[in-house]
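These notes concern the structure reproduced below.
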Amino acid sequence: MARTLKDRLNWRAFHEKALVPAGAWARSGRDWVRESDPVYTSFRRPGPPEKWAAGLALGLIAALVVFLLLFDWNWLRGPIGRWASAKYDREVAINGDLDVRLFSWTPSVVVHDLKFGGPAWARERDTADVGRIEASVRLRKLFAGQVEMPLLSITRPTVVLIATQDGRRSWDLNPGKPDTGQGMKLPPINQLIITDGRLSLDEQRRGLTLEASVTAREARSADDGESGFRLSGTGTLNRTPLRVEIRGGPFINIRRDRPYGFHAELDGARSRLRADGSITRPFDLGRFTSTLSLSGQDLADLYLITGVTTPNTPPYQLSGTLSRSGSLFRFDDFSGRVGSSDLSGDVRVNKVRGRRWVEATLASRALDIDDLMAVLGTAPKVTPAGTVSTSGAPGRLLPDAPLNVERLRVMDGRVRYRAASVKRNDLEIRRVDLGAELQSGVLNLDPVAFAFNRGELHGVARIDARRDTPYSSLDFRLSGYPLESVIPARDGASTVTGRALGRAKLEGAGASVHAFADNAKGSLSLVVPQGQMRAAFAELLGINVGAGLRKLLSHDTSASAIRCAVADFTVNGGVARARTFVIDTDVVLAQGSGEIDLGAETLNLKIDGESKKPRLLRVWAPILVRGSLTSPSIGVEVGAVAAQGGLAALIGAVAAPLAALFAFVEPGLAEDADCGRLIASAR
């Protein structure tokens, strides 16, 4: 009670000190206006001038109303056509009646036989010919600064869209204005009706042609399945059949805050796309979200549909959430399979300074290495079950599929891919980590990392696609790779063991991996700091028939130590020539020479061995390694063996028979190689 009394006293004080003086000031101002303001006085007690002015204004308004009621709007067809033709640099004409109804809460206009011609370079076909257009706007919304159309009815529209190889578009009314990629924005349309619409598209850069029918109508009954928007057409895409279908619901009572659902299908370029979603703000085509499923023979084919450069792959099947917000497209949380591998991740496509920018984060739980080889241009062999059984052409190691440099020039981007595990493979690769950044036609691969069961390969590469023939460079380093993973075991025991270190530093021009190797220059090196070799093979490096064959035939699995092995090649014109080729074991010092033709994928190497211990029945003949990289053959130089036999015959003719054996005796004078210096020079 005390608080209520206090509040009343405060209100009374405020009323007496503030409100009463303010009211008195307002009344005095009102009285002054009534007595002294000339404008107020003229309206309250108008004289002859004011009456004449009011009458003239009302007369002008009445005359304007009568004029608009009786005005023939067809008189404006010519001026409108000439103005639009000059503004858009093409022929624009209204060849039929023009009817306008202004005096309504929903003013409307009806245009008959509208012709909208093509630009100067495409005069032979009109961009649009429309039999009849009726459109109305809501006046109340218009006064509030908003455009809302209760009705848009289009009858017999024929639209022809042409895009040339150099990027010109017939429907672009402002060709000098950069494309921001924001998408088309239309005012809300409460009722859209399209009758007998035809759409013709000719996009020459991608070889895309489409002839489609377009209709939109309201439901005639509750179960009318033909109501709503329909676009259905067929054509070609890169000389393959194309089918497109887009369906949407009826447009009646559409509001800005109510999503508009749609379903879209596309089959073409060996690809199939299915999308179910909604335009989040109706008639703002720059904003939508959908569930997208896509499948096909090669992800690279999607360039023809999306304009986004993707690598070659085996058959794929992916699904995720596709959304658009202005120029930004997002394909989030997608997952599926590419060949025999799983693939998941997120992709973002945007427009940055007028160029398309792609950023992707990709991952595989279990990668099939054959699927990754398809990215390099190998031709995967797909089984009827859809898995990749092998890759590449028979007998061919380096793929020769050309790189499409044009596709690398149209966009920029950054991609990171990681495979947590790799399915069983001959190279014993366990994990993969790849990074790529594309900027203005230059592709940088960093990192290129493969983790093996033991050891790893790590490096970087660069492809400059700004030239017609790409120029590439690479620098790969191999560390700790086990030789037993490459050289097969014999009699249940390893032939060679040890950890290999290597480096490939090459550069050259070429549109494919094979063409690059055929033109490459640089260096190749392989070093084994230490290891072990089956004693039998170590003896045979020096062609020690007595010890080597005896150990082989007796299945002797004892080992000889490898002090070091160094193979260092200089590469020029695609041919790698041995600069240093040494295999130093505790029993034999072997030195090699020869070359590897990377373009022809052949070897021609010769290995001469010297024993470090005296040996009987030592045949002085080099070992020859020849043939293709995929299946080399190993033998001995027959001429050297024959020469050694001839020497023995000569000795036997002039001396005692026992002396003839001297031709096959090795005194064992070879010394250890300077492994430290050899390894340092190779690196």
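So, in region 415-427, exactly how many residues are surrounded by fewer than 18 Cβ atoms within 10 Å (Cβ to Cβ) and more than 13 Å from residue 341 (Cα to Cα)?
Residues meeting the conditions: 4.
For region 324-340, name all the residues that are closer than 18 Å to residue 298 by Cβ, modelled with pLDDT of 95 or more and among the small types (Gly, Ala, Ser).
Of everything in region 324-340, just one residue is closer than 18 Å to residue 298 by Cβ, modelled with pLDDT of 95 or more and among the small types (Gly, Ala, Ser), namely 336.
Inside region 576-594, can you point out the residues that are touching a residue at least 24 places away in the same chain (Cβ under 8 Å) and out of contact with any helix residue (DSSP H, G or I) (no Cβ under 9 Å at 6 or more places or on another chain)?
Selection gives 576, 578, 581, 592, 594.
Criterion first (crowded, with 17+ Cβ neighbours inside 10 Å and in contact with a Ser or Thr (Cβ under 8 Å, 6 or more places away or on another chain)) does residue 159 satisfy it?
Criteria met by residue 159.
(1) in a strand (DSSP E or B); (2) modelled with pLDDT under 95; (3) open to solvent by 50 Å² or more (accessible area, probe 1.4 Å): which one isn't true of residue 478, the others all being true?
(3) is the only condition that residue 478 fails.
Please find, within region 119-142, the residue that is nearest to residue 171 (Cα to Cα) out of those that are open to solvent by 60 Å² or more (accessible area, probe 1.4 Å) and either assigned to a strand (DSSP E or B) or of a type in the set (A, V, I, L, M) (or both).
In this case the residue turns out to be 120.
Residues that are touching a helix residue (DSSP H, G or I) at 6+ places or on another chain (Cβ under 8 Å), surrounded by fewer than 15 Cβ atoms within 10 Å (Cβ to Cβ) and over 30 Å from residue 102 (Cβ atoms): does region 172-184 have at least one?
Within region 172-184, not a single residue is touching a helix residue (DSSP H, G or I) at 6+ places or on another chain (Cβ under 8 Å), surrounded by fewer than 15 Cβ atoms within 10 Å (Cβ to Cβ) and over 30 Å from residue 102 (Cβ atoms).
Hey, any hits in region 277-291 for a residue that's within 23 Å of residue 410 (Cβ to Cβ) and either touching a Pro at 6+ places or on another chain (Cβ under 6 Å) or not in a strand (DSSP E or B) (or both)?
Yes; the residues of region 277-291 include at least one that is within 23 Å of residue 410 (Cβ to Cβ) and either touching a Pro at 6+ places or on another chain (Cβ under 6 Å) or not in a strand (DSSP E or B) (or both).
Right, residue 412: at pLDDT 85 or above, closer than 15 Å to residue 337 by Cα and out of contact with any His (no Cβ under 8 Å at 6 or more places or on another chain) or not?
Here the answer is no, as residue 412 does not meet what is asked.
So residue 293 fits all but one of (1) free of Cβ contacts under 8 Å to residues at least 60 places away in the same chain; (2) closer than 17 Å to residue 348 by Cβ; what number is the exception?
All conditions pass for residue 293, except number (2).
Do we find that residue 184 is touching a strand residue (DSSP E or B) at 6+ places or on another chain (Cβ under 9 Å) and in contact (Cβ under 8 Å) with a residue 60 or more places away in the chain in this structure?
Yes; evaluated as a whole, the condition is true for this residue.
Determine, yes or no, whether residue 307 is in contact (Cβ under 8 Å) with a residue 60 or more places away in the chain and either open to solvent by less than 20 Å² (accessible area, probe 1.4 Å) or polar (S, T, N, Q) (or both).
Taking the combined requirement at face value, the residue satisfies it.
Yes/no per residue for (1) crowded, with 20+ Cβ neighbours inside 10 Å; (2) small (Gly, Ala, Ser):
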position: 266; (1), (2): no, no
position: 289; (1), (2): no, no
position: 299; (1), (2): yes, no
position: 319; (1), (2): no, yes
position: 326; (1), (2): no, yes
position: 330; (1), (2): no, no
position: 339; (1), (2): yes, yes
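Could you pull out every one of the helices (runs of 4 or more DSSP H) wholly within region 509-602 that has 3 or more residues that are over 24 Å from residue 474 (Cβ atoms) and at pLDDT below 90?
The qualifying helices (runs of 4 or more DSSP H) are 535-541, 545-553.
If I ask for residues that are small (Gly, Ala, Ser) and assigned to a loop (DSSP other than H, G, I, E, B), which ones from region 337-375 would you list?
Once the filter is applied, which keeps residues that are small (Gly, Ala, Ser) and assigned to a loop (DSSP other than H, G, I, E, B), region 337-375 yields 339, 340, 354, 366.
Looking at 463, 487 in this structure, which one is part of a loop (DSSP other than H, G, I, E, B) and in contact with a Ser or Thr (Cβ under 6 Å, 6 or more places away or on another chain)?
487
I'd like the residue in region 82-107 that is in contact (Cβ under 8 Å) with a residue 24 or more places away in the chain and of a type in the set (Val, Ile, Thr) and, out of all such residues, is farthest from residue 131 (Cα to Cα).
Within region 82-107, the match that is farthest from residue 131 (Cα to Cα) is 106.
The values are calculated or read from the model by the stated rules, or taken from the named source; none is laboratory data. All figures in this text were calculated on a predicted structure; none of them were measured in a lab. Glycine also receives a Cβ, built like all others from the backbone with ideal geometry; neighbour counts cover every protein chain displayed. Side chains are part of the model used for accessible areas, which takes the heavy atoms of the whole protein and leaves out ligands, DNA and RNA. Shrake-Rupley method; radii C 1.70, N 1.55, O 1.52, S 1.80 Å.
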